[in-house]
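A quick write-up on the structure given underneath.
The values are calculated or read from the model by the stated rules, or taken from the named source; none is laboratory data. None of these values were measured; they are calculated from a predicted model. No Cβ is skipped: glycine too gets one built from the backbone with ideal geometry, and neighbour counts run over all protein chains shown.
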């Protein structure tokens, strides 16, 4: 074999060492092709028995003095030694990742031919191309079947090329919809756009929605988990209070037979809550008037201009409300609290307006204070503030329940576009967790209701996922992210996770990914997390990740026959994110830049 470059001199389960026969002639020509040794990251082929070719990846190279003879005073000869890690085997017309047997000492080694590499990385029927191998003029074809029917992860520090990679993948899909290879109504890719940077508004087969201003979410459809994600209560004290308030609000608003609870809340609020008198008056009057009872309406007129009930009407005011409560609750006023506890045990977690939750929360505080829990309000001050903030920020937009906005929300799931971009750039981390969790739950429930042959495939791109996709859960149950990671395959729901801080992601979610595009990462905590969480990666690859150039990704997983470094293609219409250099931004208009000395 005139293309042999060396022989195997050491074998262990993780690597081989190769002695180079002629270090002046490592490169060669064969079948009209020139083969050049490119150093570390080159590929070599070891030809063993039964015509099996084993492909290895060079990870280390060094010089070593090797004795020429067998005596102690023998001369030594300087030799090149290569170390390489196993990748897979070529047998007949099939390449398989991993090796079934190990090379033997003395086996012959050659550079992997271009034909062999093409066979390994381009043997795909329906595939996309998003870049070029760093050390070879080859463009790997990535199977859409393995890439979009598994969870995928794109990792890398800021500016390393994560967004470009995702845009290029989506662009490759859109190009196939434009030439009618893919049906745009079946692609179903949904992007959580954290920085409002994905595609222009006039892009064909792309639908843009501003989550804050374009859609509306019906509060009554929120589950217990949704409310926990939205309000973000502390686990020890605030969570039980929130859940009780949700049930109480449901009783007061969904069942007319429990309307008396509003009257009870109004009287207890007036008698016991120490707040601004006029603010108290407004809440009490609102509760009583919502019951549309003539006597209660009469009671609302007994307030003076300072927010208090007139002294000569106080007893009448209290008796009117007590009589209403006792009549409709069919129990004495003193036993009302016990009745409420019984009803709460069977109630649902449902609220139609945030104002109702505030009222219910106030009554929960009263009930707790009647038990002697005088510190409950101070313990829940942040909970109250959070609900007030939600009401102030979102009552007129995302929770407005406007019919046209509800229709736009439903349009996300009508599959009329290949890619739906959800602009969530206005939300903080807590709100992002709620919105992403709610939509994922909605998609999973939607898919579960459909028969298998009617289900589509949803690929959900979670940008900056470390901000909201983590292990934290206030109710001790798995998060929706973990449920999708574990069960999404059964229902056709798959993640495309992008993050610059993998160590802050849910370990459960990351371990369920089958494909990885890893850009430059330099944080030691993140590198260690990657090493422990990604089964395909080696220690040498982890070390290499710190030095990857911008726009280059280490590709690992089921979609890649072998691990390789890929230079991602950048489309002219999708320029990489740029930072204006201070040397340009700071220059005075009066200064001729050419005259500035270095």
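Regarding region 381-401, can at least one residue be identified that is farther than 30 Å from residue 274 by Cα and without any contact (Cβ under 8 Å) to a residue 24 or more places away in the chain? No, region 381-401 has no match at all. Would you check if there is a residue in region 181-195 being in contact with a strand residue (DSSP E or B) (Cβ under 8 Å, 6 or more places away or on another chain), under 17 Å from residue 416 (Cα atoms), modelled with pLDDT under 90 and surrounded by fewer than 18 Cβ atoms within 10 Å (Cβ to Cβ)? The answer is no; no qualifying residue exists.
Residues that are more than 19 Å from residue 551 (Cβ to Cβ) and surrounded by fewer than 16 Cβ atoms within 10 Å (Cβ to Cβ) do occur in region 159-176. Which of the residues that make up region 89-124 are in contact with a strand residue (DSSP E or B) (Cβ under 7 Å, 6 or more places away or on another chain) and on the phi > 0 side of the Ramachandran plot? Hits for region 89-124 are 98, 106.
Of all residues in region 216-264, those being closer than 30 Å to residue 318 by Cα and in contact (Cβ under 8 Å) with a residue 60 or more places away in the chain number 22.
Among the residues examined, residue 327 qualifies as more than 51 Å from the chain's Cα centre (by Cα), within 23 Å of residue 259 (Cβ to Cβ) and assigned by TED's automatic domain parsing to the domain that holds residue 239. Within region 123-135, restricting attention to residues that are surrounded by 15 or more Cβ atoms within 10 Å (Cβ to Cβ) and modelled with pLDDT under 80, the residue that is nearest to residue 175 (Cα to Cα) is 124.
Return yes or no: is residue 440 closer than 25 Å to residue 391 by Cα, at pLDDT 90 or above, part of a strand (DSSP E or B) and within 16 Å of the chain's Cα centre (by Cα)? Spell out the reasoning first.
Details: closer than 25 Å to residue 391 by Cα: yes; at pLDDT 90 or above: yes; part of a strand (DSSP E or B): no; within 16 Å of the chain's Cα centre (by Cα): yes.
Answer is no for this residue.
Can you spot a residue in region 307-323 that is in a loop (DSSP other than H, G, I, E, B), in contact with a strand residue (DSSP E or B) (Cβ under 9 Å, 6 or more places away or on another chain) and farther than 19 Å from residue 237 by Cβ? Scanning region 307-323, I find at least one residue that is in a loop (DSSP other than H, G, I, E, B), in contact with a strand residue (DSSP E or B) (Cβ under 9 Å, 6 or more places away or on another chain) and farther than 19 Å from residue 237 by Cβ, so the answer is yes. Where helices (runs of 4 or more DSSP H) fall wholly inside region 146-235, the ranges with 1 or more residues that are in the same structural domain as residue 518 (by TED's automatic domain parsing) are 162-178, 184-187, 211-214.
Of the residues making up region 269-279, none is in the same structural domain as residue 383 (by TED's automatic domain parsing), modelled with pLDDT of 85 or more and touching a helix residue (DSSP H, G or I) at 6+ places or on another chain (Cβ under 8 Å).
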